[in-house]
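Encoded as C-alpha cells, the structure appears first; notes follow it.
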Number of protein chains: 4
Amino acid sequence: MSIKLGKNTYGKNAVNLSKIIRHPDYHEFRQISVNVVLEGDFETAHTIGDNSKILPTDTQKNTVYALAKEHFVSSIESFGLYLANYFKSNNPQVSSATIEITEHSWKRMQFNGATHPHAYCSGGGEKHSATIVQTNNDITVTSGIIDMLILKTTDSGFENYIKDQYTTLKETSDRVFATQCEVSWKYNSTNILFVELFNGIRTTLLQTFADHQSLSVQHTLFAMGEAVLNRFGAVKEISLKMPNKHHILFNLEQFGMDNKNEIFIATDEPYGYITGTVVRE
Amino acid sequence: MSIKLGKNTYGKNAVNLSKIIRHPDYHEFRQISVNVVLEGDFETAHTIGDNSKILPTDTQKNTVYALAKEHFVSSIESFGLYLANYFKSNNPQVSSATIEITEHSWKRMQFNGATHPHAYCSGGGEKHSATIVQTNNDITVTSGIIDMLILKTTDSGFENYIKDQYTTLKETSDRVFATQCEVSWKYNSTNILFVELFNGIRTTLLQTFADHQSLSVQHTLFAMGEAVLNRFGAVKEISLKMPNKHHILFNLEQFGMDNKNEIFIATDEPYGYITGTVVRE
Amino acid sequence: MSIKLGKNTYGKNAVNLSKIIRHPDYHEFRQISVNVVLEGDFETAHTIGDNSKILPTDTQKNTVYALAKEHFVSSIESFGLYLANYFKSNNPQVSSATIEITEHSWKRMQFNGATHPHAYCSGGGEKHSATIVQTNNDITVTSGIIDMLILKTTDSGFENYIKDQYTTLKETSDRVFATQCEVSWKYNSTNILFVELFNGIRTTLLQTFADHQSLSVQHTLFAMGEAVLNRFGAVKEISLKMPNKHHILFNLEQFGMDNKNEIFIATDEPYGYITGTVVRE
Amino acid sequence: MSIKLGKNTYGKNAVNLSKIIRHPDYHEFRQISVNVVLEGDFETAHTIGDNSKILPTDTQKNTVYALAKEHFVSSIESFGLYLANYFKSNNPQVSSATIEITEHSWKRMQFNGATHPHAYCSGGGEKHSATIVQTNNDITVTSGIIDMLILKTTDSGFENYIKDQYTTLKETSDRVFATQCEVSWKYNSTNILFVELFNGIRTTLLQTFADHQSLSVQHTLFAMGEAVLNRFGAVKEISLKMPNKHHILFNLEQFGMDNKNEIFIATDEPYGYITGTVVRE
C-alpha cells in the first residue's frame, strides 16, 4: 500500500488592500482582504521539491495589488471574478482558482445632514464576503455576510423541548435572541447586479429576523433563508450559521427582587451553535 | 530595610450586564461591562491572609446586577456614580472606589424609514466609556470613547521632519490618515447632562478630525482636544491616544504603473502611536 | 420549485471543563473545551418551530459536565467516544453525533529536578484535538494538533519557481521556515492506544520538520505526512495546514550594512497558506 | 483661561524583529517586539504642525532594525539600554526615551535527550518584558513577565470574608487557584546580570506560588513579591497583577451526584483582579 498526495491547496491569505476611488465630488474609500487559493498539478512540488509549477504566494500578492488599480472599481464579486479568471487563465497547471474577498465597511461621516466628501467612520464589524471559484468547467459566485451582530428583545421563545435527567433549562415564551450571524448564498449566474442584490438580501434577512415570531433559533434561521429564496430568484441556496449569544436571566429572586426579563448576564461561552442550509428542490 | 505592601487594588472586572428598559412603544436595550476597583485598608489580607475586610469580588458582581435593576436607567456615568457611592459608603475600609463602565452600542433596525420597536443591529466596535472615582474627599467623572475607528483620504500630510542616516520615509503632502482613537475627558463636576455632552463632544471630535488640514498626527490630535475644550466648559482636560493605522502606498512603479495615491497596503504593525493631553492653564 | 431544508446541525460549543484527577502522590489537572454537534431528524424544528425532537444545547452542556465525572479519566479520544455514543444512543432522532474536544496543555512545575505534586504552568498555546463522529453505521476518530508553532533557522530554501511580470521575490537557498501548523489524522480503528500514538506521531512530525532539507513548504508538508503514514499503520490519512509565518530579511544594505540572514521582520499578514492531505493508495 | 498641551508622547510600537545569532554548534533564534516612546520638546508639532523636531516613527523603526545587528546580542535589557541611550543622545529635543521590549520564547527541540541545533518549538505564551527609561538625570530598568499562566489544584482557600445581603459565594478551604500573572520589578542599577537575575526571580515566583498555603489571592501575591525582595537585593520593588481565572465547581448535586472538587467550569469573565506592589521601606 503506497503513500501519495491527496487534496492540496496553496495561496496567499490576508492580502490587505485599500483603494481610494476619486469621484468628482467625493472620495470612495474601500478596504478589502483577499485570499488566493490554487489547486492543480502540484504533486511534484510536494514529493520532490520541484517548484517549476509554483507561482509564489508573494507574486500572487503583488498581482492582487497591481490588478486592483484597473479592476477593483465596483463590487468585490466583480473584482473576484477578474482575479479568479486571471490566475486560472495564466496558469495552465491550475485546475481551480478560488478568490475570497472580505470587505470592511466604511461610512462617510455625516454632519448636520450633509455627507462629508472624504472623512470616514468605521461601518462596524459586519463584513461583506465573496467567494469566486473558477475551474475548467465552471465559475461560481458565493456572496455573504460575516459577523452580522443582531438581537431582538422579544418575539422569541423556546419551549416544548425534550426533558431528561440532565435538564435544568426553564421553558420561556419570551427571551432575548442575539446572534453573530454568518450567512452565505450561491448565485445561479455570474452576471448579477451584485451590489443591488447584496443590499436587498441583507435587508430581507434583517427584516425577517426582526418580525419573526421565533419558536427557536432553528425556526428563525429557516425563515430567514426561505424569505431570501422566495424573493431572489438568482439565489440558488443559502446557508446560515447562528451562534446563540446567550443573555441569561440574572437570579434576582435570591435577593428578594423580581426579574421580569430585565437584567441579564451576557455570556460568550459556552454557546449554542445552529447551522442550516436552505435549498430549492 | 523591611519589606511592606505598597499600592494595591482589587475588584471584579468584566461584569457583563444587559438590560431591557421597556418603554411604552419600544424596548431600549443596553449592554455594558463593569469593572469595580477598590483601594483601602487591605494590608492584613496581604500580609497574614485576614479576609475580614474583604468584600469578595463575587459579591461585587452580584451587587452590580442587583443595583442595575433600579439604578441603571439612563447614562453609564449616572449608574457609575451610584455604584461608586454604594461601595464607598457601605465599606468603611474602602478609601477609594472606582467604577469603570464600557457600553456597547446597539441601534434599532430601520426599515423603510421606520425604526423597529425591538430589533437591534450592533452599533459597531466603538464604545462609550466612563470612569468614576470616589474617595473620602472627592468624586471625579471621566467619560470617553474607545475604538473610534476614523479615516480621511486627504487633507493630511507629513513633511519637514528630521532626516538622518536611517531615514527612508518619503515626505508627502497627501496621505491617508487612519486611526483607532481612544479619547477620555475629565468633567469639572458630577452634575452634568452626560448624554447630551457625550454626543456633542463626539461630534466635535469627528468634525475637527474631518475638517482639519493635518500636518501630522500630533497636529490633528491637539486640534481635536482644543476644539472640545473651546466648546465645552464642563470639560477640564482631554486625552487622546492615536495609533496610526498606516495605509502604505504599494509600489506599482516596479511594474511600470502609476500609483497616484490609489492603492495601499493596510497594515496593523508596526504602528506609530501618538498620545497627548490638552489642558486648561 | 419549492424550498426546503438542506444540511443542518446544532449543538453546544465551547463547553469549558476542568477536572482534577487525584492520584495518590499528585494531582492530574486537565482542561478541555468540548463541542457537541448533532444531525438528524430536525426538519420540523426549522419549518414549524416544533421542538419535540430538540435536546436543548443547555442540556448537552450539563450532560458533558455530568459524564465527565465518571468517564473523562484518560484520553480525550476515549471521552469523546463515550459522549458521542451517549448522545447517539439516547436520541433516536439523531443520525450523527459529533464530539470535538480540544485539550489545553498544563505541565507540572519542576524545581531542582523534582516535579511538584499540584502546581502547574501552562504548557503553551499548542493544543491536542480530537473529533469523534458516530453515525448509524460508523464511528470515526480523528486526532490532531492545533497551533503547533515551530520554526527552523536553516535547511530551508525556495528557488526555481515561476517568474512573471509581477515577480519581485528573490530566490533563496537559506531562509527561516516558521509555521503555526494544524495537523489532523484519521485512525482506522476506535481501539487505539490514543495517548501513546499521539505522542509518537507528534514526535515524528517535529523530527521530520527539524531534519528535512526543505525546498518549499509543500515539500516539508508532504514529508511530515509521509513519515507519519510510514511509521504508524493505524493512521489512515493525515492532513496538514501550514500558514507561512514569514520572517522577511530587513534591508540593511540601504544603510551600508550587510544582512547575512541575521535580522528579520516578523510579519503576520499577508501569509502563504499551504494545505495538503497525505493518503494511502 | 487658555488652552495648552499637557503630557504627550509618540513613538513606534510593535516593531517585530527576529534575529539569528549563529554560534559554532547551534543557531540562537530570538524574537522580540519593540516599542519606542519619546517625550520632549514637541509642543510646536502639536500647536502649529512644525515637524522640525520630529524624528519620524518610521525612522525609529529602521533604527531598531539597524542597531539590532550589532547590539542585540544578549539580554533584551541590554539592547533596550543601548536603544534608549541612542535615541536620547542623538535627539537633544528628547527629554525622556523609553524602550519597551517583549521577548517571545522559543525553545530548541529535543529528541532522545539531544537538543536540535536549529529547530525550535514555541516556548508558550509567557513572555519576558523589559522597560528602559532614560531621562536627563536617570536611567531605570524594569524587567518582568507577561502572561505567566499558572495554577494550583490545592493549598488554596478563601474564607472569613465579609457577608452582606448580596453574598452568595460559599466559603471554601480548598479551591483551584489559577491566574495569568503579570509581574514587573524595578532594579536599583543598570549594571545587572540580567539573564541570571531574570531566571532566579522567575523561579522564586513560581516556587512561592506553588508552596504557599494561600488564604486569598492577595495573600499569595504578597508572599511572591516578598520572596523576591528577600532574595534579590538588586530588586527595588515589585508589582504583580493577578487576574483570578475562576474554575467554578459545577453543581453535580442537582443530578444526584457528588462533586468533591473534581469537575469545574472554567470561565474567563467576569474575573477577580488583584494588583499589588511590594516595596522596601
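The values are calculated or read from the model by the stated rules, or taken from the named source; none is laboratory data. Because the structure is a prediction, the values reported are computed rather than measured. With ideal geometry, Cβ positions are generated from the backbone for all residues, glycine too; neighbour counts draw on all protein chains shown. Side chains are part of the model used for accessible areas, which takes the heavy atoms of the whole protein and leaves out ligands, DNA and RNA. Shrake-Rupley method; radii C 1.70, N 1.55, O 1.52, S 1.80 Å.
For region A:242-281, which positions are of a type in the set (Asp, Glu), without any contact (Cβ under 8 Å) to a residue 12 or more places away in the chain, open to solvent by 60 Å² or more (accessible area, probe 1.4 Å) and not in a helix (DSSP H, G or I)? Answer for region A:242-281, where residues must be of a type in the set (Asp, Glu), without any contact (Cβ under 8 Å) to a residue 12 or more places away in the chain, open to solvent by 60 Å² or more (accessible area, probe 1.4 Å) and not in a helix (DSSP H, G or I): A:258, A:269, A:281. So, in region C:211-241, how many residues would count as being crowded, with 21+ Cβ neighbours inside 10 Å and more than 10 Å from chain A (Cβ to nearest Cβ)? So the answer is 2. Among the criteria (1) free of Cβ contacts under 8 Å to residues at least 60 places away in the same chain; (2) in contact with a Ser or Thr (Cβ under 6 Å, 6 or more places away or on another chain); (3) crowded, with 19+ Cβ neighbours inside 10 Å, the one residue D:87 does not fulfil is (2).
So, residue A:100, is that one surrounded by fewer than 16 Cβ atoms within 10 Å (Cβ to Cβ) and not basic (Lys, Arg) or not?
no
So is residue A:164 in contact (Cβ under 8 Å) with a residue 24 or more places away in the chain and acidic (Asp, Glu) or not? It is false that residue A:164 is in contact (Cβ under 8 Å) with a residue 24 or more places away in the chain and acidic (Asp, Glu).
Given the structure, is residue A:204 among the β-branched types (Val, Ile, Thr), at pLDDT 95 or above, surrounded by fewer than 20 Cβ atoms within 10 Å (Cβ to Cβ) and more than 22 Å from the chain's Cα centre (by Cα)? So that I can check it myself, show each step before the final result.
Working: among the β-branched types (Val, Ile, Thr): yes; at pLDDT 95 or above: yes; surrounded by fewer than 20 Cβ atoms within 10 Å (Cβ to Cβ): yes; more than 22 Å from the chain's Cα centre (by Cα): no.
When the stated conditions are applied, residue A:204 does not pass them.
Given the criteria at the interface with another protein chain (Cβ under 8 Å from one of its Cβ atoms), under 24 Å from residue B:173 (Cα atoms) and touching a strand residue (DSSP E or B) at 6+ places or on another chain (Cβ under 9 Å), does residue D:62 qualify? Show your work before the answer.
Values: at the interface with another protein chain (Cβ under 8 Å from one of its Cβ atoms): yes; under 24 Å from residue B:173 (Cα atoms): yes; touching a strand residue (DSSP E or B) at 6+ places or on another chain (Cβ under 9 Å): no.
So residue D:62 does not fit the description; no.
Please verify whether region A:234-247 includes one or more residues that are modelled with pLDDT of 95 or more, out of contact with any Gly (no Cβ under 9 Å at 6 or more places or on another chain) and of a type in the set (Gly, Ala, Ser). Looking through region A:234-247, at least one residue is modelled with pLDDT of 95 or more, out of contact with any Gly (no Cβ under 9 Å at 6 or more places or on another chain) and of a type in the set (Gly, Ala, Ser). Number of residues in region B:150-176 that are within 13 Å of chain D (Cβ to nearest Cβ) and under 24 Å from the mean Cα position of the chain (by Cα) equals 0. Residue B:120 passes every criterion in (1) of a type in the set (Ser, Thr, Tyr); (2) in contact with a Ser or Thr (Cβ under 7 Å, 6 or more places away or on another chain); (3) outside the structural domain of residue B:247 (by TED's automatic domain parsing) apart from (2).
State all residues of region D:15-26 that are open to solvent by 10 Å² or more (accessible area, probe 1.4 Å) and under 23 Å from the mean Cα position of the chain (by Cα); if no residue qualifies, say none.
The answer is D:16, and nothing else.
Inside region D:50-67, residues that are without any contact (Cβ under 8 Å) to a residue 40 or more places away in the chain and either among the hydroxyl-bearing types (Ser, Thr, Tyr) or in contact with a Pro (Cβ under 6 Å, 6 or more places away or on another chain) (or both) make up a count of 3.
Taking residue A:50 as the residue in question, decide whether it is within 9 Å of chain C (Cβ to nearest Cβ), open to solvent by 50 Å² or more (accessible area, probe 1.4 Å) and either charged (D, E, K, R) or touching a Gly at 6+ places or on another chain (Cβ under 9 Å) (or both). So residue A:50 fits the description; yes.
For residues in region C:242-281 being over 23 Å from residue C:145 (Cα atoms) and among the charged types (D, E, K, R), which is farthest from the other protein chains (Cβ to nearest Cβ)? For region C:242-281, the residue satisfying everything is C:253. Cβ separations smaller than 7 Å between residues 6+ apart or across chains give the following pairs from region C:1-22 residues that are facing chain A (nearest Cβ under 10 Å) and over 20 Å from residue A:179 (Cβ atoms) to residues that are open to solvent by 30 Å² or more (accessible area, probe 1.4 Å) and modelled with pLDDT under 95: C:1/A:281; C:2/A:281; C:4/A:281. Is it the case, given these coordinates, that residue B:207 is more than 30 Å from residue B:139 (Cβ to Cβ), more than 13 Å from chain D (Cβ to nearest Cβ) and free of Cβ contacts under 8 Å to residues at least 24 places away in the same chain? Here the answer is yes, as residue B:207 does meet what is asked.
Residues that are more than 12 Å from every other protein chain (Cβ to nearest Cβ), surrounded by 17 or more Cβ atoms within 10 Å (Cβ to Cβ) and among the acidic types (Asp, Glu) do not occur anywhere in region C:121-142.
Looking only at region C:1-21, residues that are at pLDDT below 95 and part of a strand (DSSP E or B) come to 0 in all. Can you confirm whether residue A:134 is within 21 Å of the chain's Cα centre (by Cα) and assigned to a strand (DSSP E or B)? The answer is yes for residue A:134. Looking across region C:38-47, the residues that are open to solvent by less than 30 Å² (accessible area, probe 1.4 Å) and at the interface with chain A (Cβ under 9 Å from one of its Cβ atoms) come down to C:42, C:45, C:46.
Based on what the data block shows, is residue A:109 of a type outside the set (Lys, Arg), surrounded by 14 or more Cβ atoms within 10 Å (Cβ to Cβ) and farther than 30 Å from residue B:214 by Cβ? Don't jump to the end; show me each part of the working.
Working: of a type outside the set (Lys, Arg): yes; surrounded by 14 or more Cβ atoms within 10 Å (Cβ to Cβ): yes; farther than 30 Å from residue B:214 by Cβ: no.
Taking the combined requirement at face value, the residue does not satisfy it.
Can you tell me how many residues within region A:147-182 are part of a strand (DSSP E or B) and either closer than 16 Å to residue C:52 by Cα or not aromatic (Phe, Trp, Tyr) (or both)? Even if it seems obvious, please write down each step before you answer.
At the first step, the residues of region A:147-182 found to be part of a strand (DSSP E or B) are A:147-152, A:156, A:158, A:172, A:177-182.
Those left that are additionally either closer than 16 Å to residue C:52 by Cα or not aromatic (Phe, Trp, Tyr) (or both): A:147-152, A:156, A:158, A:172, A:178-182.
Looking only at that region, the number is 14.
Residue-wise test of (1) basic (Lys, Arg); (2) modelled with pLDDT under 95; (3) under 30 Å from residue C:91 (Cβ atoms).
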{"residue": "C:103", "(1), (2), (3)": "no, no, yes"}
{"residue": "C:107", "(1), (2), (3)": "yes, no, no"}
{"residue": "C:115", "(1), (2), (3)": "no, no, no"}
{"residue": "C:138", "(1), (2), (3)": "no, no, yes"}
{"residue": "C:174", "(1), (2), (3)": "no, no, no"}
{"residue": "C:181", "(1), (2), (3)": "no, no, no"}
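Scan the helices (runs of 4 or more DSSP H) fully inside region D:27-112 and keep the ones with 2 or more residues being under 19 Å from residue C:249 (Cβ atoms) and either in the same structural domain as residue D:183 (by TED's automatic domain parsing) or within 25 Å of the chain's Cα centre (by Cα) (or both).
The helices (runs of 4 or more DSSP H) meeting that bar are D:57-71.
Identify the residue in region D:67-84 that is open to solvent by less than 10 Å² (accessible area, probe 1.4 Å) and of a type in the set (Phe, Trp, Tyr) and, among all such residues, is nearest to residue D:30 (Cα to Cα). Checked region D:67-84; the qualifying residue nearest to residue D:30 (Cα to Cα) is D:72.
Does region A:71-88 contain any residue that is farther than 22 Å from residue A:192 by Cβ and within 12 Å of chain C (Cβ to nearest Cβ)?
No, region A:71-88 contains no residue that is farther than 22 Å from residue A:192 by Cβ and within 12 Å of chain C (Cβ to nearest Cβ).
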